[in-house]
1. Go through (1) assigned to a helix (DSSP H, G or I); (2) open to solvent by less than 30 Å² (accessible area, probe 1.4 Å); (3) farther than 21 Å from L112 by Cβ; (4) not aromatic (F, W, Y) and name the single condition I164 misses.
2. Consider I156 carefully, then state whether it is closer than 16 Å to G71 by Cβ and of a type in the set (V, I, T).
3. Out of (1) in contact with a His (Cβ under 8 Å, 6 or more places away or on another chain); (2) open to solvent by less than 50 Å² (accessible area, probe 1.4 Å), the odd one out for G107 is which?
4. Looking only at region 64-75, filter to residues that are in contact (Cβ under 8 Å) with a residue 12 or more places away in the chain and of a type in the set (A, V, I, L, M, F, W, C); which one of those is surrounded by the fewest Cβ atoms within 10 Å (Cβ to Cβ)?
5. Which one of these does I179 not meet: (1) touching a Ser or Thr at 6+ places or on another chain (Cβ under 7 Å); (2) on the phi > 0 side of the Ramachandran plot?
6. So, in region 112-161, of the ones that are modelled with pLDDT of 95 or more and β-branched (V, I, T), which residue ends up surrounded by the fewest Cβ atoms within 10 Å (Cβ to Cβ)?
Amino acid sequence: MDKNEKLAGLAFLLLLGGLGLASLFIVLFAELAEEVMDQEVSLFDDFIINGIQASSSTTMDTIMFVFTEMGSVWFLTLSSIIILLVLGVKMKDKWGVLFFIIAVGGGSLLTLLLKNLYLRERPSINEEIDAIGYSFPSGHSMGSLIFYGFVMYLVIRTRQRPWIQWTAVTVLSLLIITIGTSRIYLGAHFPSDVLAGYIAGLIWLMLNLTALEWIQWHSKSPVPPVHALRQLLGPLYKTIRTKIPFFSK
């Protein structure tokens, strides 16, 4: 088995691992949604809300308003245009452009679908902070995780210096968390809405990045992935048959 076959087989295993992990998060989201619909998360929501709003002040109001705007539709749309220009014009990455559009645009549609599926009312309505419509899951949380998560992936994939990668991942991760926190602080969402938005966003992002990596690899690799997987697992299967009596019958 040559190096290309081994790498292709490992890529296939990573694909299966990514799909498996996404499946686990789907189950987690379904469990959370069921508890929300059965109104079994009120204690959790109240505890988090009281803790966050204990730091309420005029200055904190302004700070949280700024952060919530960084997860708003207009801000992410403008930022998405910039990312698309970088991917399409500078990097000439047609697959990156396609899957960025699918991830961000599809994520917005998925948010609307989920909101209209669960029909949970918001804690309060405030058009100034884009707090209209249904509450579950949080669109700001879901959208920011998808967008900033994709940006993290691009920083890592372009093989920037390690300190740049770590700085970008840390800053963007904190930004995602703060955007979700701002929605709770400003009374636009319950904490369970924000958590659900993160889980749903992570599922959608993982599926898109897994598909993107798979296509990128498949377009460059001369080895058929299924053949490579057989070559990779062949020795393991022979070992199992030899060592375990049940399989040798």
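The values are calculated or read from the model by the stated rules, or taken from the named source; none is laboratory data. Everything numeric here is computed off the predicted structure, so don't read it as measured data. Virtual Cβ from ideal backbone geometry, glycine too; neighbours counted across all protein chains shown. Please note that ligands, DNA and RNA were not included when accessible areas were found on the heavy atoms of the full protein model with its side chains. Shrake-Rupley method; radii C 1.70, N 1.55, O 1.52, S 1.80 Å.
1. Every listed condition holds for I164 apart from (2).
2. no
3. Only one criterion in (1) in contact with a His (Cβ under 8 Å, 6 or more places away or on another chain); (2) open to solvent by less than 50 Å² (accessible area, probe 1.4 Å) is unmet by G107, namely (1).
4. V73
5. Single failed check for I179: (2).
6. Step by step, filter region 112-161, then rank; the result is V151.
Quick grid of which residues meet (1) open to solvent by 30 Å² or more (accessible area, probe 1.4 Å); (2) under 30 Å from E213 (Cβ atoms); (3) in contact with a strand residue (DSSP E or B) (Cβ under 6 Å, 6 or more places away or on another chain); (4) of a type outside the set (V, I, T):
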{"position": "A30", "(1), (2), (3), (4)": "yes, yes, no, yes"}
{"position": "T58", "(1), (2), (3), (4)": "yes, no, no, no"}
{"position": "T77", "(1), (2), (3), (4)": "yes, yes, no, no"}
{"position": "K92", "(1), (2), (3), (4)": "yes, yes, no, yes"}
{"position": "V97", "(1), (2), (3), (4)": "yes, yes, no, no"}
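Residues are listed down the side, and each one gets a yes or a no for (1) open to solvent by less than 60 Å² (accessible area, probe 1.4 Å); (2) out of contact with any Pro (no Cβ under 9 Å at 6 or more places or on another chain); (3) acidic (D, E); (4) modelled with pLDDT under 95:
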site: L195; (1), (2), (3), (4): no, no, no, no
site: W217; (1), (2), (3), (4): no, no, no, yes
site: S221; (1), (2), (3), (4): yes, yes, no, yes
site: P235; (1), (2), (3), (4): no, yes, no, yes
site: K243; (1), (2), (3), (4): no, yes, no, yes
site: F246; (1), (2), (3), (4): no, yes, no, yes
site: K249; (1), (2), (3), (4): no, yes, no, yes
